[in-house]
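Notes for the one structure printed next.
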Protein chains: 2
Amino acid sequence: MSVDGDEIKNVHGPDHPNSVGWTKAQKITLYEDEANPLVLEAGGKLTAIETEYETYGRLNDSASNAILICHALTGDAHAAGWDLEPSGSLREYRKKKPGWWDSMVGPGKAIDTNRFYVICANVLGSCYGTTGPSSLNHETGRPWGLSFPVVTVGDWAQTQMELLTRLGVHKLRSVIGGSMGGQIALEMGLAYPQRVGSMIILSAGHRVTTQGLAFNAVGRHAIINDPNFNSGDYYGGPQPIAGLAAARMMAQITYLSEESMGYKFGRRLRGKDSLDFTLTGIEFEMESYLSHQAESFVRRYDANSYLYITRAMDYYEAAEKWGQGDLTKTAALIQAKTMVVSFSSDWLFPPDLCRELVSAMCRAGCPVSYVNIPSRYGHDAFLVETEAVRRLITIFLRD
Amino acid sequence: MSVDGDEIKNVHGPDHPNSVGWTKAQKITLYEDEANPLVLEAGGKLTAIETEYETYGRLNDSASNAILICHALTGDAHAAGWDLEPSGSLREYRKKKPGWWDSMVGPGKAIDTNRFYVICANVLGSCYGTTGPSSLNHETGRPWGLSFPVVTVGDWAQTQMELLTRLGVHKLRSVIGGSMGGQIALEMGLAYPQRVGSMIILSAGHRVTTQGLAFNAVGRHAIINDPNFNSGDYYGGPQPIAGLAAARMMAQITYLSEESMGYKFGRRLRGKDSLDFTLTGIEFEMESYLSHQAESFVRRYDANSYLYITRAMDYYEAAEKWGQGDLTKTAALIQAKTMVVSFSSDWLFPPDLCRELVSAMCRAGCPVSYVNIPSRYGHDAFLVETEAVRRLITIFLRD
């Protein structure tokens, strides 16, 4: 996601009564028992999966107030509050940064930590504290790199459910996710109908569009063909920064809309009144923004993780997996009360795609509500349109 | 552009009566006289500009039947017929390939070479036969690389007009261009109102969108940051192939539409019935298509030319240049009878942008007609929707 600090509304300092305050990421090792490994959908097994997560609020005695939040592509477990102890260089960026959904999670906020026990866990394959390709493979003593097994949205649902079990949560009050997080939320509703009370799916669908598939493919191509990629074995050497930067900048464009970019940047020049006619330098604010985003991204994100996670998004097709291609048959598996929210200018998970899912759920008789929010912010709208999203989530969670 | 052979309609073999037959690129040296160099808009001068062009049909006695066709970003002078003598490795791809607009240019075709003398010239800065960054700088005996001066759409208009003068054409019957070629056509109408009888502008506008600016910026960023770029001095060494491929693949997505990609590729797998779960290999037809496009592109195109030409597109803003930001004032300079054609699913030069230009021309009292063609082919539509375009051009050129 590309949301800048100044666009995030309703973010409070750690001392504000509506903030969850200082937070500390927790670690848990899942599938420790070698006899009971995680069996991956794409083949292979994993044991001893270190998983980073944060929790806010308290689990009630009946363990009925848990809400799982699923993060987006390059997100992490730090959804709310202010991180107390950034650990590891990849995560240094967190310093002085609120959680990525602090606008929504806190005491008295839409996902009210006075009422709910909120969990957010980093996904398998990431580089933000959960086992992934940059983690040490204890069998070899070296980072996994591309020998890390391929992970899927189904694996994420499975590992997150395992975490919930370990935390004493048998049934979720709700699972909530935007973008890739929405894919995970949907998958949880499909894979664990008994354990998911309700779902909120924002800016997401049962599959990526062909265009989304294409953009992800180009991003991976740029990384894999970077002369420094070295078949994914670049740890300790020069990193495939150029490829990762290209992937990120391109993705960044898909998170915005022409309207929001036109409004925010247009053709405005960067710090000057007239063109320099420089081929390799920065002329436009738009360029400066993208370069800056890429620079900060390549410092904090692992290129291999980018490959694994975008591949998982691309692979996901709920109807293929659950209904032999029939989305209505697929939707019939869902028992959770569901709200789907799309945004008018989102072209990565466009409203039409969301409506495909909603229509199938209606045909299947699922209790589903759907809102298409008029917004100029493109895919990022689910993070930027805080007022509208806040209101919808508040009402949905009220009952 | 990304048009595949099978999508090009109305292309005839060299022996067909509607084909211009075998063609041979011609060369001319413009601005040979050191006392009268080309003075570039962005600063600097150039002399002895070798320019590659093709002509079809014959100039009539009154020199009143000339039509200039302006090519798009990665196009060349070979607009129609079959190239007889491909010269230079970058141009090998032409072999057995018809000109890029063979569907429209030939005896009895929309741009009828029985009636018109048709000229198409490769733009300054290209790598297809006209002087550009990969050409030898005769002062140093080495390729120009980034020491080549920055070129603009205005420079292209100027050099093409110089070529026309040399060919004995004082006034064009018409100038026709799509995409970047449409930018050049518009600029010719603005810069040489007395010398342009009419204009046809397809899928183009008075500026690129902010999104277009962003995509071009990412493409250049990928090239410039490729570890093999070597500040543009890569001739004879390893080429910045990864960066150029990323730029091309990304651009390719912007030439298509979600609908056309969904229709043509969807989620179809490449040569198999089930996923391989391969991180770095090809799974989807969509990926295969993009990879294939990139592979063929990096063999035939020069990365530095890509930088120069996309920059020129980005720099162009007709209203800033001609009307102090006022598009109506700008349009008032045009004397050519004009037709603007947009395509409903084009999101690189979207219909709204074309309508901005058309509205300004209406306000300025210009004789302008405008058609928005319903099409699912995105930006490529101007090359793919041959029937609709053929009909419009035929009628426009009839009078």
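Since every read-out is calculated from the coordinates, none of them should be taken as a lab result. The shown structure was predicted, so the numbers you read here are calculated from the model rather than taken from an experiment. When we count neighbours, we look across all protein chains shown, and the Cβ atoms used for this are built from the backbone with ideal geometry, even at glycine.
Using Cα springs under 10 Å in a Gaussian network model of chain B, which residue among B:Phe215, B:Phe277, B:Phe148 shows the largest mean-square fluctuation?
B:Phe277
Measuring label to label, 7 Å along Cα→Cβ, what does A:Thr29 give against each other copy in nm, shortest first?
7.6
Among A:Phe277, A:Gln26, A:Thr310, which residue has its Cα furthest toward the positive end of the charge dipole of chain A, with +1 on Lys/Arg Cβ and -1 on Asp/Glu Cβ?
A:Gln26
Under a 10 Å cutoff between Cα atoms, tell me which one of B:Val118, B:Val39, B:Val151 has the largest fluctuation in the Gaussian network model of chain B.
Of B:Val118, B:Val39, B:Val151, the most mobile in the Gaussian network model is B:Val39.
From the square roots a ≥ b ≥ c of the eigenvalues of the alpha-carbon gyration tensor of the range B:219-303, which class results: rounded (a/c under 1.5), prolate (a/b over b/c), or oblate?
Taking the square roots of the gyration eigenvalues as a ≥ b ≥ c, the range B:219-303 is prolate.
Classify chain B: rounded, prolate or oblate, from the alpha-carbon gyration tensor (a ≥ b ≥ c, eigenvalue square roots; a/c under 1.5 rounded; otherwise prolate if a/b is larger than b/c)? Display every interim value, and only then the final one.
Details: a/c = 1.36, a/b = 1.16, b/c = 1.17.
Rounded shape, in that the Cα axes give a/c under 1.5.
Could you work out the mean count of beta carbons from other protein chains within 10 Å of each residue's beta carbon in B:308-318?
Neighbouring Cβ atoms belonging to other protein chains average 2 per residue here.
Restricting to lysines 8 or more places apart or on different chains, can you count the pairs in chain A with Cα atoms under 14 Å from each other? If you can, show how the numbers build up before the last one.
Working: A:Lys9/A:Lys97; A:Lys9/A:Lys109; A:Lys24/A:Lys95; A:Lys24/A:Lys96; A:Lys24/A:Lys97; A:Lys171/A:Lys337; A:Lys321/A:Lys329.
Qualifying lysine pairs in chain A: 7.
B:Gly178's amide H: which non-local residues (gap 5+, or another chain) put their own amide H closer than 5 Å, with H modeled 1.01 Å from N in plane and none for Pro or chain starts?
When sequence neighbours closer than 5 places are left aside, the close amide H contacts are B:Cys70, B:Leu202.
Checking the a/c ratio against 1.5 first, then a/b against b/c, what shape does the Cα gyration tensor give for the range B:161-269?
In terms of gyration-tensor shape, oblate.
For A:Cys127, B:Cys366, what ranking results if the residue with the fewest other Cβ atoms within 10 Å of its Cβ goes first?
Listing A:Cys127, B:Cys366 from fewest to most nearby Cβ atoms yields B:Cys366, A:Cys127.
Take each of the peptides B:263-275, B:353-365, average the number of other beta-carbon atoms within 10 Å over its residues, and list them starting from the highest.
The peptides rank, most packed first, as B:353-365, B:263-275.
Per residue of the range B:276-286, in order, report the coupling 6.51 cos²θ - 1.76 cosθ + 1.60 (Karplus, θ = phi - 60°) as ³J(HN,Hα) in whole Hz, putting x for Gly and Pro.
Those phi angles translate into 8, 6, 10, 6, 10, x, 9, 10, 9, 3, 4 Hz.
Sort A:Leu30, A:Leu202, B:Leu163 so the one with the fewest other Cβ atoms within 10 Å of its own Cβ comes first. Could the numbers behind the result be given before it?
Values: A:Leu30 23, A:Leu202 29, B:Leu163 19.
Placing the least packed residue first, the sequence is B:Leu163, A:Leu30, A:Leu202.
Could you please rank B:Asp346, B:Asp102, B:Asp352, placing first whichever residue has the fewest other Cβ atoms within 10 Å of its Cβ?
In order of increasing Cβ crowding within 10 Å: B:Asp352, B:Asp102, B:Asp346.
Take every residue in peptide A:246-255, count the Cβ atoms of other chains within 10 Å of its Cβ, and give the average of those counts.
5
Amide H to amide H, which residues 5 or more places from A:Ser369 or on other chains are under 5 Å from it, using H placed in the peptide plane?
It is A:Thr338, A:Met339, A:Val340, by chain and number.
Return the long-range amide H neighbours of B:Thr280 (sequence gap of 5 or more, or a different chain), with a cut-off of under 5 Å between placed amide H atoms.
Those qualifying (amide H under 5 Å, at least 5 residues apart or on another chain) number zero.
List the distances, in nm to one decimal, from the label point of B:Asn18 to the label points of the same position in every other copy, shortest first, placing each label point 7 Å from Cα along the Cα-to-Cβ direction.
With the label placed 7 Å along Cα→Cβ, B:Asn18 yields 6.6 nm.
I need the inter-copy label distances for B:Gly365: point set 7 Å along Cα to C-beta, values in nm with one decimal, smallest first.
The projected label point of B:Gly365 is separated from its counterparts by 7.1 nm.
In whole Hz, what ³J(HN,Hα) sequence does the range B:246-261 give by Karplus (6.51, -1.76, 1.60; θ = phi - 60°), x for Gly and Pro?
Result, ordered by residue: 4, 4, 5, 4, 5, 4, 4, 4, 6, 7, 9, 10, 4, 5, 5, 5 Hz.
So what are the ³J(HN,Hα) numbers for the range B:34-39, from phi and the Karplus equation (6.51, -1.76, 1.60; θ = phi - 60°), rounded to whole Hz, Gly and Pro as x?
In residue order, the calculated couplings are 4, 6, 10, x, 6, 8 Hz.
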